[in-house]
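Please read the structure below before turning to the comments.
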Amino acid sequence: MKQSLVQPPWLSGRKILGTLIILVGTSYAVQQLVLLMQQQQNVRFAFYAGMAAAGATAAGALPALFLKRLSQKLHDVMLGFGAGVMLAACMFSLIVPALSLLELSGASVWRSSGSVALAILLGAAVMLLVERLVPHQHFIKDEDRARGLKLRRSWLFVFAIILHNLPEGLAIGASYASGDIAAATALATGISVQDIPEGLVVAMALLAAGYSRTLAVGMAVLSGLTEPVMAVIGAAVLGDSSVLLPWGLALAAGAMLFVISHEMIPESHRQGHELPATTGLMLGFVLMMLLDTALG
């Protein structure tokens, strides 16, 4: 005898209630975001910059709708380029401004340097803790693809992408919170530039894992939305506190350094393309340095 496929009324009611809660929560969050953007210029600029970075990720992911595959060498060059941009952003857009802010506040050279060093280590430790606690799948690890593993739970990929984008969005928000719009724009521009190849790498990795083109590109596009969210949080939290601001800048730098060293550089060197990947890193570093000095 076949079992009835009709769901119990209480189950349908829970779904409706859950949907209403999500809608109300989303509506409230949007309302608060609009108020913040109206009241705080730095939050508004951070949101726009975060959306630009998300748009760059989407633009990079779109070619995956047509490309059959991405050569491993080009994949490694792209990762190296992104690592170089992020590395220069850590130095010139986050660490140096953090040191300057502490020195302007009257702190000694040793105290300011020590505080920034501690904050960098703390930022890296936070990323390590989050990575250990949040279940996720490293979406750019080639040994998984070589074994033909196809994960059915796409949220593991989503969490991995979110973890990767958290420090980038935080860095944008912290930079705009400093009030130096030119320097913050240089940082956001550099991150947006490196988000273009990153979006393609993410989409192609999802394709290699067995997802459809539409789903792979859609997930890569949605992954970029982490950046405006974190940019708004960073700008809102740090903008009103001159004490927390240098710590926030250095924390973002530490988080980015962790991602660079823990994932991007090892992955770009994994398949024997160390020289092309290093060339990409150098080009990315120089480009970000030029952006920072020219725009900042």
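At-a-glance table
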quantity	calculated
Karplus-derived 3J(HN,Hα), 6.51/-1.76/1.60, for each residue of region 208-220, Hz, glycine and proline x	5, 7, x, 7, 5, 4, 4, 5, 4, 5, x, 5, 5
Region 187-296: C-alpha gyration tensor shape, a/c 1.5 cut-off, then a/b vs b/c	oblate
Theoretical gain in end-to-end length, residue 20 to residue 242 [0.36 nm per residue, Cα-Cα removed]	76.0 nm
Simple label model, 7 Å out from Cα along Cβ direction - residue 91 to residue 105, nm	2.5 nm
Shape call, region 236-296: gyration tensor on alpha carbons, a/c limit 1.5	oblate
Long-range HN-HN contacts of residue 271 with modeled amide H, under 5 Å	none
Alpha carbon centroid spacing (whole Å) that separates region 104-131 from region 171-218	25 Å
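No value in this document is a laboratory result; all are computed from the given coordinates. If you're wondering where the values come from, they're calculated on a predicted model, not measured in any experiment. Here Cβ is always computed from backbone atoms with ideal geometry, including for glycine, and neighbour counts include all displayed protein chains.
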